[in-house]
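Participant: Dropping a structure here in structure tokens format, bear with me for questions.
The values are calculated or read from the model by the stated rules, or taken from the named source; none is laboratory data. The structure presented is a predicted model; accordingly, all values stated were derived computationally and were not measured. Note that each Cβ is placed from the backbone with ideal geometry, even for glycine, and that neighbours are counted across all protein chains shown.
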Amino acid sequence: MLGAIDHVGVAVEDIDSALPLYRESLGMPLVHREIVESQGVDAALLDIGDGHVELLAPLGPETPVGRFLAKRGPGLHHVAYRVDDVSETLNVLAAAGLRLIDERPRVGIRGSLVAFLHPASTGGVLTEIVQPAAGGHPA
């Protein structure tokens with residue numbers, strides 16, 4: 001059901017300040033940057049192998065990432081898994097008893113469809129499932 005790890009989300013205070021570590025020190029190319037208003041983030045994707053590191057900076061303190069940073073500080077925010085059909089995967093996961101944050105997919109970065117699972121159901125890790133946009137790159 002779950003495909004490859006699509007990306008690892010990392011919460012940062014400011015993407016421009018974080019990019020030199022990932023681009024220059026770690027050698028990851030920046031492949032996409034986008035404001036995702038619906039999720040309240042400035043997001044940047046950097047390539048690593050077949051997946052990405054997604055840097056997430058909050059657009060404000062009351063956004064999910066803003067609250068995360070206030071409570072936990074910068075660092076690992078979530079792990080995202082690529083799937084062929086996010087709606088079907090949500091149905092299977094709900095039937096298996098997993099707690100969903102999103103009962104329906106929403107639009108994520110680069111037009112992908114995404115949904116989150118509650119960390120209480122996934123060993124304390126915020127988990128995202130991602131269906132890349134048709135004809136597009138993986139999220």
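Participant: For Val86, are the conditions met, namely being in contact with a Pro (Cβ under 6 Å, 6 or more places away or on another chain) and touching a residue at least 12 places away in the same chain (Cβ under 8 Å)?
Facilitator: Taking the combined requirement at face value, the residue satisfies it.
Participant: Moving to a separate point now. Counting only residues that are assigned to a loop (DSSP other than H, G, I, E, B) and not basic (Lys, Arg), how many does the range 84-139 have?
Facilitator: Selection size over the range 84-139: 25.
Participant: What number of residues within the range 37-56 are within 17 Å of Leu76 (Cβ to Cβ) and of a type in the set (Gly, Ala, Ser)?
Facilitator: Summing the residues that are within 17 Å of Leu76 (Cβ to Cβ) and of a type in the set (Gly, Ala, Ser) in the range 37-56 gives 3.
Participant: Pull up the range 8-54, narrow it to residues that are part of a helix (DSSP H, G or I) and among the small types (Gly, Ala, Ser), then point me to the one that is farthest from Phe68 (Cα to Cα).
Facilitator: Ser25
Participant: Still on this structure, please answer the following. Please indicate, with yes or no, whether at least one residue in the range 56-64 is under 23 Å from Thr89 (Cβ atoms) and outside any helix (DSSP H, G or I).
Facilitator: yes
Participant: What number goes with the only condition from (1) without any contact (Cβ under 8 Å) to a residue 40 or more places away in the chain; (2) among the acidic types (Asp, Glu); (3) surrounded by 12 or more Cβ atoms within 10 Å (Cβ to Cβ) that Glu24 does not pass?
Facilitator: Here Glu24 meets the rest and fails (3).
Participant: List the number of the failed condition for Ala70; all other conditions in (1) surrounded by 12 or more Cβ atoms within 10 Å (Cβ to Cβ); (2) of a type in the set (A, V, I, L, M); (3) under 18 Å from Asp42 (Cβ atoms) hold.
Facilitator: Status for Ala70: all satisfied but (1).
Participant: I want to confirm something. Restricting to the range 84-98 and keeping residues that are within 11 Å of Ala115 (Cα to Cα) and aliphatic (A, V, I, L, M), which single residue is surrounded by the most Cβ atoms within 10 Å (Cβ to Cβ)?
Facilitator: Val86
Participant: Same structure, new question: Given the options Ala18, Ala43, Ala57, Ala80, name the one that is buried (at least 16 other Cβ atoms within 10 Å of the Cβ), in contact with a His (Cβ under 7 Å, 6 or more places away or on another chain), modelled with pLDDT of 95 or more and of a type in the set (Gly, Ala, Ser).
Facilitator: Ala80
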